[in-house]
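Participant: I'd like to ask some things about the structure below.
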Amino acid sequence: MQSSDGTSIISTTIGPLAELCGPMTDRTEGAVSPEDREKILASARDYIEGWLDGDADRMARCLHPALIKREALADDPSAASITRDQMVEATQAGRGTKLERPYSVKLLDAFGDIATVSVFSSAYMDYLHLARSGDEWLLLNVLWQRRTSS
């Protein structure tokens, strides 16, 4: 389906909700500023670079106090979690310092005070949920999966 300006529209709205919300193509509501976009990406870089460098201060700086990090395991539905303190301790212990450096950080979506970022590194695929906390953007949830046996 295409809009009047020729852009593609994917719509799965149902009944009254569609009437209430209207077309979901207007992304001006909840838009984040270019400055916020950079802060979001800077927090994601602090996360991966802090891990790779063993820089616990940098890791702590980007993590929300209520952080929960979960590993996705197809064979284990328990989804064991890691807290902010455990993540900072693992970083301080240098658990990520032996990993190869290449990585990419991509802002997938942002709306108002929340954002989703992907971090694709040599060893992991991480999906980060960030939330605005005052003037900062902090990682609140992380879902990750190992790419290799690192």
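Values in this text are rule-based calculations from the coordinates and carry no lab data. None of the values given here were measured: they were computed from a predicted structure. Here the Cβ is made from the backbone with ideal geometry for all residues, glycine too, and neighbour counts use every protein chain on show.
Participant: GluC sites (Glu not before Pro) within the stretch 25-121: which are DSSP loop residues with at most 10 other Cβ atoms inside 10 Å? Show your work: numbers first, answer last.
Facilitator: On the way: sites: Glu29, Glu35, Glu38, Glu49, Glu71, Glu89, Glu100; in loops: Glu29, Glu100.
Those satisfying the criteria are Glu29.
Participant: Still on this model: Which whole-Hz couplings ³J(HN,Hα) result when phi for each residue of the stretch 32-38 is put into the Karplus expression 6.51 cos²θ - 1.76 cosθ + 1.60, θ = phi - 60°, listed in order with x for Gly and Pro?
Facilitator: 9, 6, x, 5, 5, 4, 5
Participant: Compute, for the stretch 30-146, the length of the dipole vector about the Cα centre, with Cβ point charges of +1 (Lys, Arg) and -1 (Asp, Glu) only. Units Debye, rounded to 20.
Facilitator: Values: 14 positive and 19 negative charges, 37 e Å.
Charge dipole of the stretch 30-146: 180 debye, to the nearest 20.
Participant: Expressed in nm to one decimal, what extension gain is obtained for the pair Glu38 and Arg147 from 0.36 nm per residue of sequence separation less their Cα-Cα distance? Show your work: numbers first, answer last.
Facilitator: Details: separation 109, 0.36 × 109 = 39.24 nm, distance 2.69 nm.
So the extension gain works out to 36.6 nm.
Participant: Considering amide H positions built from the backbone, and no H for Pro or chain starts, which residues 5 or more places from Tyr124, or on another chain, come under 5 Å of its amide H?
Facilitator: The list, which skips near neighbours in sequence, is Arg147.
Participant: Looking at the stretch 48-150, which trypsin sites (Lys or Arg not before Pro) are DSSP coil and have at most 10 other C-beta atoms within 10 Å of their C-beta?
Facilitator: On the way: sites: Arg58, Arg61, Lys69, Arg70, Arg84, Arg95, Lys98, Lys106, Arg132, Arg146, Arg147; in loops: Arg95, Lys98, Arg147.
Counting only loop positions with at most 10 other Cβ atoms within 10 Å, the trypsin sites (Lys or Arg not before Pro) in the stretch 48-150 are Lys98.
Participant: I need the calculated FRET efficiency for the pair Ser133 and Gln92, taking r as the beta carbon distance and R₀ as 30 Å, to the nearest 0.05. All intermediate terms of the calculation are to be shown ahead of the outcome.
Facilitator: Working: r = 22 Å, r/R0 = 0.74.
Taking R0 as 30 Å, the efficiency between Ser133 and Gln92 is 0.85.
Participant: Further, regarding this structure: Taking just the C-alpha trace of the stretch 30-146, give me its Rg and Dmax in Å.
Facilitator: In order Rg, Dmax, the Cα atoms of the stretch 30-146 give 13.5, 41 Å.
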